[in-house]
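Encoded as structure tokens, the structure appears first; notes follow it.
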Amino acid sequence: MSLLFKVVEFLDDFKAEMVISILLLFLLRKIFSYFSSRPNIPGPFPWPVIGNALSLGDKPQQSMQAMAKKYGNIYLMKLGNVDVIVLNSYKVIRDALQRQGRVFSGRPQFNSFRQISQGRGIVFNSELSLGQKWTDMKRVVIKLLHRFTSKSETRGLLCRHVRTETLHLVKELCGKSKEENAAENIIQVGVANLVCAMMFGHRYEYSNKEFQDLVSLNREFGKVIGSGSQIDVMPWIKVIPKFANVVKTFDFLNNRTNNWMIARSKEHRQTYVHGVVRDVVDTYIAESIDNPKVNMTEEDVIALTTDVFGAGQDTLSTIIQWIFLYLIYFTDHQQKIKDELDRTLRGRRLPTIDDRHNFPFTEAVLHEIFRHSSFTPSTIPHSTTEPTTLGQYHIPENSIIFVNQYAANRDDGAWENADDFDPYRFLNSDGSLVHKPHERYLSFSTGIRKCPGDEISRLLLMHFMATFFSVAELEPDSDHPPELEGVYNLSMRPKQLKFTAKIRHPQVYANAFSHLEKVAVPVRENPTLNLDKTQNGESKANNKPTYKLGLESEFSDNDFEALEKVHRAVRRRKNGKMPLDDINGNEIYKLYIK
């Protein structure tokens, strides 16, 4: 017993020291356990709680590129309590996203990702979250958007939408003094109108209240979504009032956007006529009817509409701002574009989509703006679907992957004088455009997770540039000289955009606008219909939308799809059955009735 008392007495005397020692041992064990469980990949030492977040600063793409020079093109960093593997060089990114595309095709299960598009879209999901349905819906979106660029009829109609909104944009920009010219807002409104025309078959007046609210909604959503990602990796910051308000704002804006899309999509179904394609949403509805294997529900149609509408509006408005900024910064390139356009158009008409091959320098400038601006400096985070090896490193399953597109586009190993703006890198010695220039840089990601709107975006932007600069020109604001600096939102936007816009071919512009008024895209005047159901189950809104000029959507005037269907059916009839391609190109079999 005396020994027991002595032990108790000893412990009592050194009680404080023992507690501290135990705590230190526990802490050391946790630290050892943490580092031993992390992937064996080099990277900066992470601070407790915040990780390496403070090291990124206000120019994270450049900070990550600087880290790559120290730790290599594959390195490990920590954001909050989340380990992130960063890919930097062009070669490493291609190896991951193309050669091992399926392995790197996942999305992290962030809370903010689950809320966007009601958690059903393709942008923030993957096969891990939606299973085979994600693959099926991704294929559907790629096919339907490609359809609008590959068929001459739909491509022409699409480009007519571009012409309409470009001329209205010229009118807005040229009709204001430099003091009034809030270029960013005007561009966002113009692009939102273009996306509305593509998705829903009609446009809005710039002054329309519902439309202004929609543009503001998307603008504010772009500002808070980045903070939503911060909260995903550092959830404890929600106790800080600033970030608590961000959570509330994110939820509010997300719900408002979803409700607007639900109302518009349901309204579209009420006026939908099978076999008549007015716009992109009609192709979604047709696909849900004609391709039952995909099992596309009404909720899926709404989610896909939200995906394309939101991503398209942000991407197009951002890159158009960069186009304007680069061409008031490099005025000599703007002059060469105007000269190239005038050689073909001779100051007498607007360009058509078939003129594109005559404008290689204009297209080279567009590609170099994509590369040099890297307005999407990193992709939406990826995750790995299984363990793999990349380079010399083992990458565990469910690893979060950051793809630094900025570093790839400024990679000295892939580009000569990578930091210089040089459109001629996309031209051959004879002045023609190099083969597949868009595959030489990263802007819309690559591989399985490549943006479905890549092709249609480049087509629209090229036609926009040719149309805009065929009738207008931009001059830099001497009081606010242009600087190629960006700020982060959903994508990286110009820090400042000040210029004066002038019409340079007044007669061409006047004639085009006069023709525009005769064949105008329908203009929506009334608010979105109230689609709540009454007690009898009938919609409160039985009237069709009111359109100026009483015109249907331009897409409704074309019966080429129905005619093509009939001709194919007659040619391929066999044994009482005939294979039919539905209006979206799916080959299906239906009983042939004479």
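Which of the residues belonging to the stretch 186-207 are touching a residue at least 24 places away in the same chain (Cβ under 8 Å) and surrounded by fewer than 19 Cβ atoms within 10 Å (Cβ to Cβ)?
The answer is Glu205, Tyr206.
Can you list the helices (runs of 4 or more DSSP H) found entirely within the stretch 109-161 that contain at least 1 residues being within 25 Å of His202 (Cα to Cα)?
132-150
Here's the yes/no breakdown for (1) of a type outside the set (Val, Ile, Thr); (2) touching a residue at least 60 places away in the same chain (Cβ under 8 Å):
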residue: Thr283; (1), (2): no, yes
residue: Gly310; (1), (2): yes, yes
residue: Ile323; (1), (2): no, yes
residue: Lys336; (1), (2): yes, no
residue: Leu350; (1), (2): yes, yes
residue: Glu368; (1), (2): yes, no
residue: Ser378; (1), (2): yes, yes
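Could you tell me which numbered condition Glu340 fails, if it satisfies all but one of (1) without any contact (Cβ under 8 Å) to a residue 40 or more places away in the chain; (2) crowded, with 23+ Cβ neighbours inside 10 Å; (3) among the acidic types (Asp, Glu)?
All conditions pass for Glu340, except number (2).
Inspect all residues belonging to the stretch 212-220 and state whether any of them is part of a helix (DSSP H, G or I), hydroxyl-bearing (Ser, Thr, Tyr) and surrounded by 18 or more Cβ atoms within 10 Å (Cβ to Cβ).
no
Could you please find all residues in the stretch 477-488 being under 22 Å from Ser374 (Cα atoms) and surrounded by 15 or more Cβ atoms within 10 Å (Cβ to Cβ)?
The answer is Pro482, Gly486, Tyr488.
Could you say which residue among Asn291, Asn245, Asn259, Asn254 is in contact with a helix residue (DSSP H, G or I) (Cβ under 8 Å, 6 or more places away or on another chain) and either modelled with pLDDT under 85 or more than 24 Å from Thr135 (Cα to Cα) (or both)?
Asn254 is the lone residue from the list that is in contact with a helix residue (DSSP H, G or I) (Cβ under 8 Å, 6 or more places away or on another chain) and either modelled with pLDDT under 85 or more than 24 Å from Thr135 (Cα to Cα) (or both).
Can you name the residue in the stretch 152-184 that is modelled with pLDDT of 90 or more and among the polar types (S, T, N, Q) and is also nearest to Leu474 (Cα to Cα) among such residues?
For the stretch 152-184, the residue satisfying everything is Thr166.
Given the structure, is Val471 hydrophobic (A, V, I, L, M, F, W, C), at pLDDT 95 or above, over 21 Å from the mean Cα position of the chain (by Cα) and surrounded by fewer than 20 Cβ atoms within 10 Å (Cβ to Cβ)?
For Val471, the condition - hydrophobic (A, V, I, L, M, F, W, C), at pLDDT 95 or above, over 21 Å from the mean Cα position of the chain (by Cα) and surrounded by fewer than 20 Cβ atoms within 10 Å (Cβ to Cβ) - is not met.
Could you tell me which residue of the stretch 489-514 is surrounded by the most Cβ atoms within 10 Å (Cβ to Cβ), considering only residues that are of a type in the set (A, V, I, L, M) and within 18 Å of Ile328 (Cα to Cα)?
Across the stretch 489-514, the extreme among qualifying residues is Ala501.
Is it true that Leu341 is farther than 30 Å from Trp260 by Cα, part of a helix (DSSP H, G or I) and at pLDDT 90 or above?
yes
Which residue is surrounded by the most Cβ atoms within 10 Å (Cβ to Cβ), if the candidates are limited to the stretch 413-454 and must be of a type in the set (A, V, I, L, M, F, W, C) and over 14 Å from Thr379 (Cα atoms)?
Applying the filter and picking the extreme gives Phe426.
How many residues are farther than 17 Å from Gln230 by Cα and touching a residue at least 60 places away in the same chain (Cβ under 8 Å) if we restrict to the stretch 40-71?
Qualifying residue count, the stretch 40-71: 5.
Does Phe148 satisfy the criteria of being in the same structural domain as Arg504 (by the TED database), of a type in the set (Phe, Trp, Tyr) and modelled with pLDDT under 90?
Yes.
The values are calculated or read from the model by the stated rules, or taken from the named source; none is laboratory data. What you see is a predicted model; the values in this text were computed from it and never measured. Counting neighbours? That spans all protein chains shown, and the Cβs are built from the backbone with ideal geometry, glycine included.
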